[in-house]
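Participant: Would you mind keeping the following structure in view while I ask a few things?
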Amino acid sequence: MKRKIGVFDSGIGGKTTLTEIMKLLPHENFIYYADSKNNPYGEKTDNELFDIVCNIVDYFISIDVKMIVIACNTATTRCIKFLREKYKDMLFVGTEPAVKVACDNNYNNTLVMATPLTVHSDRLNDLIEDNIKNNENIILISCDGLANAIENNNEEKINFILHSLLDKYIDKNIDAVVLGCTHYPLVKDRIQDILKDSVLIDGNIGVAKRVKQLLTENNLLNDSNEDGSVEFITSKKE
Ligand code: DGL
């Protein structure tokens with residue numbers, strides 16, 4: 001049996017990451033865990049989130065995955081350091097707000113949209129400090145409720161939250177918007193409708209490249225030429 005790659009998020013958002021990984025690695029087999037029961041991660045305490053995430057990691061280890069992709073900025077910025085300490089033999093790839101991409105492009109004004117936990121994480125602050133240049137201005141937006149509204153496909157709430165958060169930046173010369181939660185690419189057209197001239201950036205391609213690089217370095221690439229597969233599971237009780 002070919003070993004799978006475990007991918008998880010607090011629901012459907014991480015599928016945006018999975019799609020990019022599958023484009024780059026079409027022969028790999030994946031298991032995607034949508035932890036919808038515990039959505040939103042971005043409004044949990046650190047302890048709650050760490051327990052939730054460890055349960056998923058334990059499950060993935062029990063089915064012998066070869067790598068775990070945390071397709072969630074919140075779980076990555078808050079937990080990946082501790083996961084790497086606790087599960088020393090597991091390969092982890094995380095998803096972080098693509099602040100570096102924005103800074104490397106020398107945008108003057110960048111908005112970073114993320115969950116409350118990500119916005120207040122040391123990791124996001126470090127990412128900004130390590131990459132920001134003198135001429136660059138980065139504005140963090142804590143998007144309370146947005147990931148949950150997207151998860152529940154609540155159109156009205158999604159529109160209300162996006163307009164309340166973003167309307168004030170229309171005509172403020174925002175060059176780029178970093179989508180710092182894997183749920184947000186699912187509503188990128190609506191974000192673009194509000195901030196028409198801004199470039200939208202997410203970290204999913206970077207994650208896919210890192211997955212490929214780590215599999216290659218560890219001799220774990222699937223050498224079959226057959227199409228890969230993906231199995232979806234969810235924690236949500238219908
Ligand atoms: N999709 C997740 C992220 O990238 C989590 C959203 C949430 O559950 O709050 O942050």
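The values are calculated or read from the model by the stated rules, or taken from the named source; none is laboratory data. Everything numeric in this text was worked out from a predicted model, so none of it was measured. When we count neighbours, we look across all protein chains shown, and the Cβ atoms used for this are built from the backbone with ideal geometry, even at glycine. The area values use the complete protein model at the heavy-atom level, side chains included, leaving out ligands, DNA and RNA. Shrake-Rupley method; radii C 1.70, N 1.55, O 1.52, S 1.80 Å.
Participant: Here are 99, 93, 53, 69: which of them is of a type in the set (A, V, I, L, M, F, W, C), more than 12 Å from the chain's Cα centre (by Cα), under 30 Å from residue 198 (Cα atoms) and within 15 Å of the ligand (Cβ to nearest atom)?
Facilitator: Going through 99, 93, 53, 69 in turn, just one is of a type in the set (A, V, I, L, M, F, W, C), more than 12 Å from the chain's Cα centre (by Cα), under 30 Å from residue 198 (Cα atoms) and within 15 Å of the ligand (Cβ to nearest atom): 99.
Participant: Regarding residue 218, is this residue closer than 30 Å to residue 92 by Cβ, more than 16 Å from the ligand (Cβ to nearest atom) and touching a residue at least 40 places away in the same chain (Cβ under 8 Å)?
Facilitator: Yes, satisfied.
Participant: Is it the case that some residue within region 12-19 is farther than 17 Å from residue 121 by Cα, within 14 Å of the ligand (Cβ to nearest atom), among the small types (Gly, Ala, Ser) and touching a Gly at 6+ places or on another chain (Cβ under 9 Å)?
Facilitator: No, because not a single residue in region 12-19 is farther than 17 Å from residue 121 by Cα, within 14 Å of the ligand (Cβ to nearest atom), among the small types (Gly, Ala, Ser) and touching a Gly at 6+ places or on another chain (Cβ under 9 Å).
Participant: Inside region 140-238, counting only helices (runs of 4 or more DSSP H) that do not spill past its ends, which hold 3 or more residues that are open to solvent by less than 20 Å² (accessible area, probe 1.4 Å) and closer than 18 Å to residue 110 by Cα?
Facilitator: Helices (runs of 4 or more DSSP H) meeting the threshold: none at all.
Participant: Can you tell me which residue is modelled with the lowest pLDDT among those in region 39-51 that are in contact with a helix residue (DSSP H, G or I) (Cβ under 7 Å, 6 or more places away or on another chain) and surrounded by fewer than 19 Cβ atoms within 10 Å (Cβ to Cβ)?
Facilitator: Once the filter is applied, the top-ranked residue is 43.
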